[in-house]
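One structure is given below, encoded as structure tokens.
The values are calculated or read from the model by the stated rules, or taken from the named source; none is laboratory data. Every value quoted in this text rests on a predicted model; they were computed, and no experiment measured them. So basically every Cβ, Gly included, is an ideal-geometry build from the backbone, and we count neighbours across all protein chains shown. Just the protein is used for accessible areas: all its heavy atoms, side chains included, with ligands, DNA and RNA removed. Shrake-Rupley method; radii C 1.70, N 1.55, O 1.52, S 1.80 Å.
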Amino acid sequence: MIRHLALRNWRAYRVLTLTFGEGTTFVVAPNGVGKSSLLEAAAWALFGGASGVDAASAVRAGETNAVVELTVASDAGELRVKRSVDQRGRVALRASLGERVLEDDRAYVAALEAAFGAPLSVAARLTFLTDKGDLSSAAGEFPIRDHLATVFGVRDLLIARDAATQHRKAAERDREALRAVAKRDDAALEAHRRELEDVAVQISAAEEVYRDVLGRVAEAQRRQEAARRWAAYRQEVERRERELAEASASLRRVLGEEAPDGDVGDAIPSVEDKLAAALERSRSESAGAAARAETVEAALDELSSAAGICPTCLRPLEDADVERALAQHRDHHARLQADIERSERVVEELRAKLTALHELARQVASLPAPDPPDVEPPADTESTGPEVERAQEEQNEAADRLERLRVRLQLLTEELAQAEAARSARRDQVVAFRREALAEAARLALDETARHLMAEGIVPLTAEVAHRWKRLFGTGGGLRVSPEGRITMEINGHRLSFSDLSGGERMSALLVTRLLVLTASTRAGFAWLDEPLEHLDPTRRQTMAVALAKATRSSQLRQLVVTTYEEGLARQLAASANDVTLSYVRSHPLA
């Protein structure tokens with residue numbers, strides 16, 4: 001994800017520096033400030049020409065060049081990029097990945113594609129949505145067939161299909177310029193036909209094996225994901241138990257032998273009540289002792305000034321009686337003072353315990369029990385990783401076998417066509433047509449097989465698109481995406497194309513499909529969206545804004561940056577979630 005963006009002399013900005021973190025960030029500014037320029041700068045710095053940004057036109061008026069710097073955190077290391085462009089369009093690039101300097105564009109593109117797991121053009125279109133909801137041009141949908149073919153493991157079939165196309169073209173050329181060839185006997189022709197039929201049968205069986213392996217790969221990956229989620233859940237439970245144990249130990253340190261057994265969360269309220277009652281009793285005892293001490297002090301004062309007469313009963317007192325009474329009162333007063341000091345110490349001790357107990361109660365309250373995953377735990381969590389690797393190895397082996405059979409089919413088709421052509425000079429033209437037809441049939445078979453496997457591979461992706469659309473907007477239509485990247489919607493039994501949708505529906509469809517394809521088929525963990533809420537009605541705008549705020553919580557998407565002028569809505573979302581932040585762009589970028 002993008003950590004740092006710095007601009008110099010880019011459009012309206014003389015100098016601007018921004019930092020970004022994980023979660024959803026709303027970049028807030030009024031219209032006309034230059035929010036779109038920020039996304040264009042980031043896209044151009046990262047993807048260069050693949051971003052589609054005209055960087056030369058972005059050089060600030062009166063300046064000779066513009067400079068954009070990016071820092072990107074990835075699994076491969078920290079990527080630092082610095083691009084500059086002058087008014088004549090000459091571009092300079094400096095980049096490094098971790099400690100390695102990327103010497104030229106080729107090394108940079110290779111490193112970026114390896115880090116993101118996708119071709120540069122695909123990653124650029126998926127990670128940056130800069131259309132601002134203006135879908136009047138072809139900027140909405142874009143072909144992703146080749147990228148998904150690589151992801152779903154059918155690229156080799158497409159390569160074989162292209163090879164079959166070339167064979168068909170070669171057969172067409174041969175048909176136009178046939179020459180006499182050596183004759184071959186009928187036995188050789190029949191052997192070729194039998195072998196061709198046998199290869200066709202093997203291909204059918206190999207296709208069935210490949211589909212079965214794809215199912216096992218998907219199931220193994222599902223179990224692996226379940227194991228990962230259960231492991232994370234158990235770690236969270238263990239962490240909570242450790243912290244509760246620490247809280248229980250703290251409670252024992254505070255209360256000593258008075259600490260109760262059992263759950264610390266259940267024990268704290270009753271202990272608080274007991275300590276509060278004890279504190280009240282100690283305060284009452286201290287106040288009572290203080291009152292009695294004042295009474296004794298008054299009696300001492302009266303005895304000292306009584307002049308031989310009892311201040312209570314007014315009877316004469318001998319000096320010995322006075323001294324004895326004074327001694328008794330002083331002794332009583334000293335005991336009362338000792339009681340007062342002891343009560344005050346007890347009060348202070350109880351206050352300290354109550355304070356510590358309140359802090360423990362706060363700590364325990366901050367440790368809610370985690371929710372278990374909504375999937376069944378696998379029986380053997382440690383075997384899920386090797387199981388996925390074995391299933392993927394089987395997939396690769398099945399794909400290789402299928403490719404070899406297809407190539408063999410092509411070779412046999414060519415040899416059979418040549419053998420048939422050699423039977424008779426009169427049939428040369430017919431045989432050439434047959435070669436062309438067989439090559440075309442092989443091409444169509446390869447294309448159909450690839451299309452079928454692509455369709456099977458994209459079914460879960462299509463289902464997830466429909467599920468997220470329904471979860472966001474109810475049952476107002478079923479969103480679909482084809483292997484070619486075409487977006488359609490089913491409404492009341494009718495299929496609407498992307499161009500038939502309203503502006504709000506198109507923007508919503510693009511957001512749902514792009515973010516899903518991004519997380520499902522690449523390792524790029526971020527997406528930047530330019531004012532995606534602008535053309536939505538208030539209800540859909542609120543729904544989509546909430547969905548964007550939550551987008552980084554339950555997927556591989558680590559960072560989502562959204563530009564908007566909807567400050568009130570963005571502030572509301574940021575106030576309700578810790579992983580949603582606001583970034584304000586100052587309103588006078590020309591200053």
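Tabulated data for the structure shown
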{"read-out": "Flag for residue 515 being open to solvent by 20 Å² or more (accessible area, probe 1.4 Å), without any contact (Cβ under 8 Å) to a residue 24 or more places away in the chain and aliphatic (A, V, I, L, M)", "value": "no"}
{"read-out": "Members of segment 84-123 found to be within 28 Å of the chain's Cα centre (by Cα) and closer than 16 Å to residue 44 by Cβ, listed by number", "value": "95, 108, 109, 112, 120, 121, 123"}
{"read-out": "Residue match in segment 94-103 (condition: aliphatic (A, V, I, L, M), out of contact with any Pro (no Cβ under 7 Å at 6 or more places or on another chain) and open to solvent by 70 Å² or more (accessible area, probe 1.4 Å))", "value": "yes"}
{"read-out": "In segment 257-280, the residues that are part of a helix (DSSP H, G or I), open to solvent by 40 Å² or more (accessible area, probe 1.4 Å) and modelled with pLDDT under 75", "value": "257, 258"}
{"read-out": "Conditions (1) under 35 Å from the mean Cα position of the chain (by Cα); (2) of a type outside the set (Gly, Ala, Ser); (3) modelled with pLDDT of 70 or more; number of the one not met by residue 157", "value": "(3)"}
{"read-out": "Any hit, segment 44-57, residues being out of contact with any strand residue (DSSP E or B) (no Cβ under 7 Å at 6 or more places or on another chain), surrounded by fewer than 22 Cβ atoms within 10 Å (Cβ to Cβ), of a type in the set (Ser, Thr, Tyr) and outside any strand (DSSP E or B)", "value": "yes"}
{"read-out": "Test: residue in segment 31-40 that is part of a loop (DSSP other than H, G, I, E, B), out of contact with any strand residue (DSSP E or B) (no Cβ under 9 Å at 6 or more places or on another chain) and either hydroxyl-bearing (Ser, Thr, Tyr) or open to solvent by less than 40 Å² (accessible area, probe 1.4 Å) (or both)", "value": "yes"}
{"read-out": "Residue check, residue 64 closer than 16 Å to residue 93 by Cβ and surrounded by fewer than 18 Cβ atoms within 10 Å (Cβ to Cβ)", "value": "no"}
{"read-out": "From the options 509, 527, 520, 455, residue that is closer than 29 Å to residue 22 by Cα and either in a strand (DSSP E or B) or at pLDDT below 75 (or both)", "value": "527"}
{"read-out": "Matching residues, segment 66-83, being more than 27 Å from the chain's Cα centre (by Cα) and free of Cβ contacts under 8 Å to residues at least 40 places away in the same chain", "value": "83"}
{"read-out": "Subset tally (residues that are surrounded by 24 or more Cβ atoms within 10 Å (Cβ to Cβ) and either among the aliphatic types (A, V, I, L, M) or outside any strand (DSSP E or B) (or both)) for segment 3-26", "value": "1"}
{"read-out": "Filtered residues of segment 367-406 (kept if open to solvent by 70 Å² or more (accessible area, probe 1.4 Å) and either modelled with pLDDT under 80 or farther than 30 Å from residue 214 by Cα (or both))", "value": "368, 371, 379, 380, 382"}
{"read-out": "Tally, over segment 541-572, of residues that are within 18 Å of the chain's Cα centre (by Cα) and modelled with pLDDT under 90", "value": "14"}
{"read-out": "Residue satisfying all of: in segment 532-554; assigned to a loop (DSSP other than H, G, I, E, B) and open to solvent by 10 Å² or more (accessible area, probe 1.4 Å); farthest from residue 112 (Cα to Cα) among these", "value": "537"}
{"read-out": "Residue match in segment 223-241 (condition: open to solvent by less than 30 Å² (accessible area, probe 1.4 Å), modelled with pLDDT of 85 or more, under 30 Å from residue 398 (Cα atoms) and within 28 Å of the chain's Cα centre (by Cα))", "value": "yes"}
{"read-out": "Subset tally (residues that are among the small types (Gly, Ala, Ser) and closer than 19 Å to residue 369 by Cα) for segment 222-240", "value": "2"}
{"read-out": "Single residue of segment 407-431 satisfying the filter (open to solvent by less than 50 Å² (accessible area, probe 1.4 Å), hydrophobic (A, V, I, L, M, F, W, C) and within 56 Å of the chain's Cα centre (by Cα)) that is modelled with the highest pLDDT", "value": "409"}
